[in-house]
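Accompanying notes for the structure given below.
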Amino acid sequence: MARRSRVPVNDDRALVIRDLHVAPAADPTHEILDGIDLTIRQGEVHAVMGPNGSGKTTLAYALLGHPAYKVTHGQIFWKGRDITKLSPDKRARLGLFLAFQYPTSIPGLSVASFLRTALNARKRPLDISGDGHDPSDMTRGGISMGAFRKLLTETFEQLAIDAAFATRYVNEGFSGGEKKRLEMLQMAILEPELAILDETDSGLDIDALRVVAEGINRMLNPHLGVLLITHYQRILDYITPHQVHVLGRGRIIKSGGPELARELEKSGYGPILAAAGLEADARDEAEAHEAATTAGAA
């Protein structure tokens, strides 16, 4: 059983999650997360693994404030600040980033325009809310076009991405590998201090996985904390975590070093779930998420 974190909530270099309970907003009595305690410091990589239905994606969305999910108990602290009730845009301005498992296509919006708008929004002061102004408006302190082009060119080179990406529409006609590389490009441009990567390895062949993992490794630095959510051990062959946590039925049931991921690869989740008195949940969490978002939109 994982122990409660002893890191103080006012640590200015840490994400501290205390006794987090989360349920779909449409059904607050049905908790998906059942008391998560976890601390991730800047400069650390933590992998969260678990079978389908364990709550991995719910954890990712809850940390960024997805409206389809409701925190029913517990708190989320980031750099000493309680962000449990902050909106997703404010959490992003504070340096949190989420790479989606299934990135959305946006026809008609070029990658370059999307990234410039996102970067300017990221750098806006926290006390400026949605007031009808375009966040790329230069009068509000946005990055100049020349400076942005230089940054984009440098980032393309850093991540070994074809510069033609800039003129394509966001994820429109992209392969699975291209979508995940665009998520890494966003991460590099926005320079978050805590990145949550939700099954970045999902749907990738071995070559695409290696390219994406190399991109992540290039961005690791003492000022970046990473929560890497994955179902399989294979991405951890390329990205070495400081700690591995196993999620089961909404709880962290075991934590350890990189060797824990190798144990899971060899024996599966069954023995660890059984030791915690749990059985595998047949329901895929993607279905649970779809049900939560559909109900929330109704």
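Read the figures in this text as sums done on the coordinates, not as results from a lab. Because the structure is a prediction, the values reported are computed rather than measured. A quick note on method: Cβ atoms are made from the backbone with ideal geometry, for glycine too, and the neighbour counts reach across all protein chains shown.
Taking the fewest neighbouring Cβ atoms within 10 Å as the starting point, the ordered list for Asp37, Asp205 is Asp205, Asp37.
In order along the stretch 250-260, the phi-based Karplus estimate (6.51 cos²θ - 1.76 cosθ + 1.60, θ = phi - 60°) of 3J(HN,Hα) comes to x, 10, 7, 9, 6, 10, x, x, x, 5, 5 Hz; Gly and Pro are listed as x.
Of the residues Gly80, Ala47, Ala208, the one whose Cα sits farthest toward the positive end of the charge dipole of the chain, with +1 on the Cβ of Lys and Arg and -1 on the Cβ of Asp and Glu, is Gly80. When the square roots of the Cα gyration tensor eigenvalues are ordered a ≥ b ≥ c, the ratio a/c for the stretch 43-198 is 1.5 or more and a/b does not exceed b/c, which makes its shape oblate. Counting only alpha carbon atoms, the long axis of helix 111-122 and the longest principal axis of the chain meet at about 70°. Taking amide H as placed 1.01 Å from N in the peptide plane, Arg81 has no amide H partner under 5 Å among residues 5 or more places away or on another chain. Rounded to the nearest 10 degrees, the angle from helix 176-190 to the longest Cα principal axis of the chain is 70 degrees.
Using a Gaussian network model of the chain in which every pair of alpha carbons under 10 angstrom is joined by a spring, one finds that among Asp34, Asp207, Asp237 the greatest mean-square fluctuation is at Asp207. Database remark: amide H of Arg251 closer than 5 angstrom to the amide H of Asp34 (H placed geometrically; neighbours at sequence offset of 5 or more, or on other chains; Pro and chain starts carry no H). Max-minus-min Cα coordinates of the stretch 12-92 on each principal axis give 34, 28, 20 Å, with the largest extent listed first.
Compared with the rule-of-thumb size 2.2 N^0.38 Å for a compact globular protein, the chain has a Cα radius of gyration ratio of 0.99.
In this simple spin-label model, placing a label point 7 Å from the Cα along the Cα-to-Cβ direction at both Gln75 and Asp19 gives a separation of 1.1 nm.
In this structure, the residue pairs whose Cα-Cα separation is over 28 Å, taken from Lys90/Lys254; Lys70/Lys254; Lys123/Lys150; Lys179/Lys254, are Lys90/Lys254; Lys179/Lys254.
Against the chain, whose longest principal axis is taken from its Cα atoms, helix 285-297 shows a tilt of about 60°.
Among Ile196, Ile272, Ile229, the largest mean-square fluctuation in a Gaussian network model of the chain (Cα springs under 10 Å) belongs to Ile272. Close amide H partners of Val48, meaning residues 5 or more places away or on another chain with modelled amide H under 5 Å apart, are Leu228, Ile229, Thr230, His245.
Out of every Cα-Cα pair that the stretch 160-203 contains, those further apart than 14 angstrom amount to 52 percent.
The order of the peptides 18-27, 81-90 by mean Cβ neighbours within 10 Å, most packed first, is 18-27, 81-90.
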